[in-house]
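Some notes on the structure that comes next.
The values are calculated or read from the model by the stated rules, or taken from the named source; none is laboratory data. Given the structure is predicted, the values throughout are model-derived calculations rather than measurements. Note that each Cβ is placed from the backbone with ideal geometry, even for glycine, and that neighbours are counted across all protein chains shown.
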Amino acid sequence: MRHLPKHARPRWRYLAVRVTTRGEVIERDGFQRAIWYAGQNLLGDPGGADADLSVVRFRFADGEGAAVVRVRRGEVSTGRAAVACVDQVDRTPVGVAVRGVSGTIRACEESYLHADGEVDSERETRSSGGRASRPVDVQTADGHVGATETEVSDGVSESTADTDAD
């Protein structure tokens, strides 16, 4: 079988994705399956096939990791939406955030991910407008709440929590 000429080959974009859990371990295959199901549930069968979401790189350790997800060039916004819909992998709750989009795997890793798979703290600091901080899980009377180490160490006051709930 002959290769397609360059102008007829599909064009891809690569999403840098940050993945966090409460300490549980997740596997690449489970993450891939969760992305496929999220794409299928959000976009339907034809839309999921058009986006053609595929996990190209995956690193995960100690409750945090990163992935590079391939998506067709014209389907970046729908691919981002599908990835954002992932809330659990193999019944393990996960937090997923798309950190950026790039045209090559190498540029995606260099621009948005460290070599060890962690999110680039400089970019995270710049995008959040403050200090970079790791996510933590806080137990409250009503259940678990997501927060950052900075919020916990700064001692978020009760009045701030009450105004945020309104």
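Answer with yes or no whether residue 57 is over 16 Å from residue 11 (Cα atoms) and touching a Cys at 6+ places or on another chain (Cβ under 9 Å). So residue 57 passes the test. Residues that are over 15 Å from residue 47 (Cα atoms) and surrounded by 14 or more Cβ atoms within 10 Å (Cβ to Cβ) within region 71-87 comprise 84, 86, listed in sequence order.
Of the numbered criteria (1) modelled with pLDDT of 60 or more; (2) more than 25 Å from residue 30 (Cα to Cα); (3) within 15 Å of the chain's Cα centre (by Cα), the one residue 133 fails is (3).
Residues of region 70-101 being among the hydrophobic types (A, V, I, L, M, F, W, C), touching a strand residue (DSSP E or B) at 6+ places or on another chain (Cβ under 7 Å) and not in a strand (DSSP E or B), which ones?
Scanning region 70-101 gives 76, 83, 84, 86, 94.
When you look at residue 13, is it free of Cβ contacts under 8 Å to residues at least 24 places away in the same chain and more than 11 Å from residue 82 (Cβ to Cβ), yes or no? Against the criterion (free of Cβ contacts under 8 Å to residues at least 24 places away in the same chain and more than 11 Å from residue 82 (Cβ to Cβ)), residue 13 does not qualify.
Taken together, 38, 49 contain a single residue that is hydrophobic (A, V, I, L, M, F, W, C), assigned to a helix (DSSP H, G or I) and free of Cβ contacts under 8 Å to residues at least 24 places away in the same chain, which is 49. Determine which member of the set 33, 28, 18, 11 is basic (Lys, Arg) and buried (at least 16 other Cβ atoms within 10 Å of the Cβ). Unique residue meeting the criteria: 18.
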